[in-house]
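This is the structure, below, for whatever I ask next.
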Amino acid sequence: MTSYSVFALLLLNTLVSTIVVALVSVSSLQRVADEHPRRYLSKTLFSYVVNSFQPEELSRVRLDGARFEVFPLDRLPTDTELPFETLLDGIHRDPDGVAITVFHDRYMAAAIHGNTLVVLPQFGRSLSTQAMALVGLVVATVLTVLLVNVVAIRYLTSPFSVFKRVVKNVDDGNLSFRVPLDKTYGEFRDLANSFNGMLQRLEHVNAARRHMLLAIPHEVRTPLARLKVRKDLIADHDLRREISRDINNLEEILDTILQTERLQSHEGKIKREEIDVEAFFCEIVDEFREYYDKLTLVLDTADDTFHADGFSVGLLLKNLISNAIRYGRDRPITVTVTQPTSSPDTLVLSVADEGVGIPDSQIPYMTEPFWRLDESRQRKSGGYGLGLYLCDTITKSHDGKLTIRSTVDQGTTVTVALPTAFATLR
């Protein structure tokens, strides 16, 4: 089975199904088509029997299990269910003088012999009854073939479900997941081998990237420490301040890289602690209010404390506010902290600005490291493309979700939901 082509198997399944339905249909139509000569033969046989016996002898003759019945034409009984009027009308209309009609899902034949009406009450089965049986047979065959096709196609396409599960794991960041080869066959097996090889290479590249990023901060801190000492020897105050700012910015980048990579590689475990809602968020917002007075904090939580890694959540909020200030065009910024009644264990944190906004096509990439927009978020604005990357990593380390809603020239709202922040209080 593993060596067969997927196309060949699907084609074979289609051909077999078509042949089965065609054979049953042709057989059924043949039986219906054969009914006319059978009726003609029955009429001929009936005429022969009627003409070969005397009326008093016909009452003793049986045909197809039924006895011939003879009735005087001038004394037809009225206490019987036989349709005499229909039979007589059919006899007069038929060129051979033989009437054949349907009676109780069986055929009935009648002819006039001298002064008597000779009737064979029942023989064979009516065409309508046979047709219904044949239609039922065709319908049952079609339904059976469809059911077999569903099962067969489900089996033949089962590798798609396997690939779907693998792609979902890869999309979630699990590059160690592999396509199980025993669940595939044919072209799917070739695709699985190629896909597994690609995942292995990606896993190697990703591991090398992480090792490099984790090593960079340690390698760069030593020359940075020497630069800090040497910049104090510079007499020009303005130049010394510019160098200090550049060194601080570089240290900020290194700290961000180190923190995010540690969280993603699970080397840095978050430490949950009980945090006062009002004191925690007010302290962070007040730091920014010292130089940006258009910052509003809205607190709406039923509980006074929550549990999270205070350092990480603080770093997250500071990055979100810094981004809002940097790209908010000096307009009002609102920081909102809520506890939804529909999900009381969740802490929802959002930062909304009225700034330049982000195009819809760029939003999916905003949490990638070193990603900046070409126009609104140039390097001259002070962004390194690491802020939202860090925020997203911190959010995921708390099993939360970060979402971005934005409209160009109207503003951006970044929302973080921490689903278990209040859970330990209950």
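The values are calculated or read from the model by the stated rules, or taken from the named source; none is laboratory data. Being a predicted model, the structure only gives us computed values, none of them experimental. We place every Cβ from the backbone using ideal geometry, glycine too, and count neighbours over all the protein chains shown. The accessibility values were calculated without ligands, DNA or RNA, using every heavy atom of the protein model including side chains. Shrake-Rupley method; radii C 1.70, N 1.55, O 1.52, S 1.80 Å.
For G355, which sequence-distant residues (separation of 5 or more, or a different chain) have an amide H within less than 5 Å of its own amide H, given hydrogens modelled in the peptide plane?
Correct list: G411, T412.
Can you list which of the chymotrypsin sites (Phe, Trp or Tyr not before Pro) found in region 286-368 are DSSP loop residues with at most 10 other C-beta atoms within 10 Å?
Listed in order of number, the matching sites are Y291.
What is region 272-343 by shape, rounded, prolate or oblate, if you read a ≥ b ≥ c off the alpha carbon gyration tensor as root eigenvalues and call it rounded for a/c under 1.5, prolate for a/b larger than b/c, and oblate otherwise?
Numbers: a/c = 2.09, a/b = 1.62, b/c = 1.29.
In terms of gyration-tensor shape, prolate.
Return the subset of K228/K401; K294/K396; K164/K318; K231/K294; K231/K396; K168/K294 for which the Cα-Cα distance in this structure is over 32 Å, preserving the input order.
In this structure, K228/K401; K164/K318; K231/K294; K231/K396; K168/K294 lie more than 32 Å apart at Cα.
Heavy atoms only, probe 1.4 angstrom, no DNA, RNA or ligands counted: give me H398, H113, H237 ranked by accessible area, highest first.
Descending accessible area places them as H237, H113, H398.
Quickly work out the E368-to-L147 label distance, labels modelled 7 Å from Cα along the C-beta direction, and quote it in nm with one decimal.
Rounded to a tenth, the inter-label distance reads 5.1 nm.
Largest first and to the nearest Å, give the Cα extent of region 142-186 along each principal axis.
Result for region 142-186: principal-axis Cα extents of 46, 19, 10 Å.
Using mean Cβ contacts within 10 Å as the protection proxy, how do 193-205, 314-326 order, highest first? Show your work: numbers first, answer last.
Numbers: 193-205: 13.4, 314-326: 21.2.
Going by the mean number of other Cβ atoms within 10 Å, highest first, we get 314-326, 193-205.
Suppose each label sits 7 Å from its Cα in the direction of the beta carbon; what would the D246-T296 distance come out to in nanometres?
Spacing of the two 7 Å Cα→Cβ label points: 4.1 nm.
Next question, about the same structure. Run the simple label-point estimate for T80 and H204 please: 7 Å along Cα→C-beta, distance reported in nm.
A separation of 9.7 nm, rounded to one decimal place.
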